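Notes follow the structure.
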Amino acid sequence: MKLQFFLRSPSHQTLTVTLESTQSLTLRQLKSSLLPNPQSLSSFYFTLNGKPLSDSTLLPNPQISHLSTLFLLPRVSGGGGDGGATGAESRDCYLKMYAVKKPDKVDPNEKRLGKWLNCALSNEPLREPCVIDKLGNIFNKEALVEALLGKKLPKEFRHVKGLKDMINVKLSMIPGKQSDAADGATFQCPITGLEFNGKYKFFALRNCGHVVSAKALKEVKSSACLV
Ligand SMILES: [Zn+2]
């Protein structure tokens, strides 16, 4: 007999999960199929009738009857260090779940900002040394090179075949900002001070690696290093 149950995501969407009679899996496995970011797994837990379920709970399970509803909830805890999630982490995977199911509901500002804050591959905060590819994706060089050497580059980055396909860039930190600050932009144009918040266009200068705003290039009509 098939086991069918419902799953309410943190973004209040209901998914239907169907388990064939021959299938079994743990809640942890179910969770990892829902959350694309493995780091966010510990930030969420399942509940049934308001009671938390252990991640090692095996499905099918007599506790979980046909057509019951499991809730996937973010853990609420202090900011990191205690094994719990920081607000930033859970917010991040919240957005991702949203992005998978309903792309039109993601705040475009959040998405654009993310590109300028996080490595396109590892999704970790951008830290020097950084590189960009020809499509304008920004990476932490270490993460990209590691994936390249380990032949673990996902399809969308397969155009990066070697060091020649990356441009080393120098990002200018906004004074007083930490690279892992939870809010807002981290980097800026060294000439105009425009922030990398996804609202302005930026160019990487191939020769010196400085990343400057389109506005700066327009105002200073010179191909020499402007910084
Ligand atoms: Zn320069």
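Toward the positive end of the charge dipole of the range 124-219, with +1 on the Cβ of Lys and Arg and -1 on the Cβ of Asp and Glu, the farthest Cα among Leu217, Asn140, Pro125 is that of Leu217.
List residues of the range 116-150, by number, whose backbone nitrogen lies under 14 Å from a label position 7 Å along Cα→C-beta of Met173. Within reach of a label on Met173, which here means backbone N under 14 Å from a point 7 Å along Cα→Cβ, the range 116-150 contributes 125-130.
Rank-order 133-139, 54-60, 116-122 by packing density, defined as the average count of other C-beta atoms within 10 Å over each peptide's residues, highest first.
Numbers: 133-139: 16.6, 54-60: 14.4, 116-122: 20.1.
Top of the packing list down: 116-122, 133-139, 54-60.
Here the simple spin-label model places points 7 Å from the Cα toward Cβ, and for Lys201 and Ser54 these points are separated by 5.8 nm. Inter-label distance, Ala224 to Ser32: 5.6 nm, where each label sits 7 Å from its Cα along the C-beta direction. If Lys and Arg each add +1 and Asp and Glu each add -1, what is the summed charge of the other residues whose beta carbon sits under 13 Å from the beta carbon of Ala214? Net of charged neighbours comes to +4. The local environment of Arg158, defined by Cβ-Cβ distances under 12 Å, has a net charge of +1 under the rule Lys, Arg +1 and Asp, Glu -1.
None of the figures in this text is laboratory data; all of them are computed from the coordinates on show. What you see is a predicted model, and the numbers here were worked out from it, not measured in a lab. Cβ: placed from backbone, ideal geometry, glycine included. Neighbour counts: every protein chain shown.
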